[in-house]
Amino acid sequence: QVQVEESGGRWVQPGDSLRLSCVTSGRSLGTFTIAWFRQAPGKEREFVAVARRRGGSPVVADLAKGRFILSKDRAKNTLYLQMNNVEAEDTAVYYCAADVRDLITSELRNARAYEYWGQGTQVTVSS
């Protein structure tokens, strides 16, 4: 019943911008803790940003601060990740993850805390 689907990944050049989308189904966006993670070849999955179920300002990883912006369109049940000034190091498969629980602070950055995952969307940054 519950599904999350990412889209928007593509090839871009260093310094470019792009926007990733995560669409939820089965229940409304506001009833999820919902986050972005990424995984590059040979590296572990890492946290990018999260919107808490309770609302408030998003929690973002250091890698995202000053460059990436998280936003919601509740009418479309969509979470966006606006990626600005991308770097080669941003190359990865980007995943949307969601959980029905209002995750506590210590769980927000932990991939293992999230029940629902999308298939991932590839972002490639190169010249």
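The values are calculated or read from the model by the stated rules, or taken from the named source; none is laboratory data. These figures come from a predicted structure and were not determined experimentally. Positions of Cβ are backbone-derived with ideal geometry, glycine not excepted, and every protein chain shown enters the neighbour counts. We work out accessible area using only protein heavy atoms, side chains counted, and drop any ligands, DNA or RNA first. Shrake-Rupley method; radii C 1.70, N 1.55, O 1.52, S 1.80 Å.
Among the residues of region 70-79, are any touching a residue at least 12 places away in the same chain (Cβ under 8 Å) and over 15 Å from the mean Cα position of the chain (by Cα)? Yes, because at least one residue in region 70-79 is touching a residue at least 12 places away in the same chain (Cβ under 8 Å) and over 15 Å from the mean Cα position of the chain (by Cα).
Taking the conditions (1) hydrophobic (A, V, I, L, M, F, W, C); (2) open to solvent by 60 Å² or more (accessible area, probe 1.4 Å); (3) without any contact (Cβ under 8 Å) to a residue 60 or more places away in the chain in turn, Leu29 satisfies each one other than (2). When the residues of region 28-64 are filtered to those that are over 15 Å from Ala111 (Cβ atoms) and of a type in the set (Lys, Arg), the one that is nearest to the chain's Cα centre (by Cα) is Arg52. Filtering region 38-51 for residues that are outside any strand (DSSP E or B), among the acidic types (Asp, Glu), open to solvent by 40 Å² or more (accessible area, probe 1.4 Å) and under 17 Å from Tyr94 (Cα atoms) leaves a non-empty set. Of all the listed residues (Asp16, Asp90, Asp102), the sole one being over 25 Å from Val2 (Cβ atoms), of a type outside the set (A, V, I, L, M, F, W, C), at pLDDT 95 or above and surrounded by fewer than 20 Cβ atoms within 10 Å (Cβ to Cβ) is Asp16. Residue selection: Arg67 fails the criterion of being touching a residue at least 40 places away in the same chain (Cβ under 8 Å) and under 16 Å from the mean Cα position of the chain (by Cα). Within region 1-33, being among the hydrophobic types (A, V, I, L, M, F, W, C), assigned to a strand (DSSP E or B) and farther than 13 Å from Gly118 by Cα holds for Trp11, Val12, Leu18.
Tally up the residues in region 90-127 that are among the acidic types (Asp, Glu) and without any contact (Cβ under 8 Å) to a residue 12 or more places away in the chain, please. Summing the residues that are among the acidic types (Asp, Glu) and without any contact (Cβ under 8 Å) to a residue 12 or more places away in the chain in region 90-127 gives 1. Every residue in region 53-74 that is open to solvent by 30 Å² or more (accessible area, probe 1.4 Å) and in a loop (DSSP other than H, G, I, E, B), please. If the condition is that a residue be open to solvent by 30 Å² or more (accessible area, probe 1.4 Å) and in a loop (DSSP other than H, G, I, E, B), then Arg53, Arg54, Gly56, Ser57, Pro58, Asp62, Leu63, Lys65, Gly66, Arg67 are the ones that fit.
Is there a residue in region 10-24 that is in contact (Cβ under 8 Å) with a residue 12 or more places away in the chain and in contact with a Lys or Arg (Cβ under 6 Å, 6 or more places away or on another chain)?
We begin by selecting, within region 10-24, every residue in contact (Cβ under 8 Å) with a residue 12 or more places away in the chain; these are 10-24.
Next cut, in contact with a Lys or Arg (Cβ under 6 Å, 6 or more places away or on another chain) only: none.
No - not one qualifying residue is present in region 10-24.
Test Gly30 against the stated conditions and say whether it is out of contact with any helix residue (DSSP H, G or I) (no Cβ under 7 Å at 6 or more places or on another chain) and not acidic (Asp, Glu).
Values: out of contact with any helix residue (DSSP H, G or I) (no Cβ under 7 Å at 6 or more places or on another chain): no; not acidic (Asp, Glu): yes.
Against the criterion (out of contact with any helix residue (DSSP H, G or I) (no Cβ under 7 Å at 6 or more places or on another chain) and not acidic (Asp, Glu)), Gly30 does not qualify.
State the number of residues belonging to region 87-127 that are in a helix (DSSP H, G or I) and under 24 Å from Val12 (Cβ atoms). It would help to see each step written out before you state the result.
Narrowing region 87-127 to residues in a helix (DSSP H, G or I): 88-90, 105-107, 111-113.
Of the ones still in play, those that are also under 24 Å from Val12 (Cβ atoms) are 88-90.
The total comes to 3.
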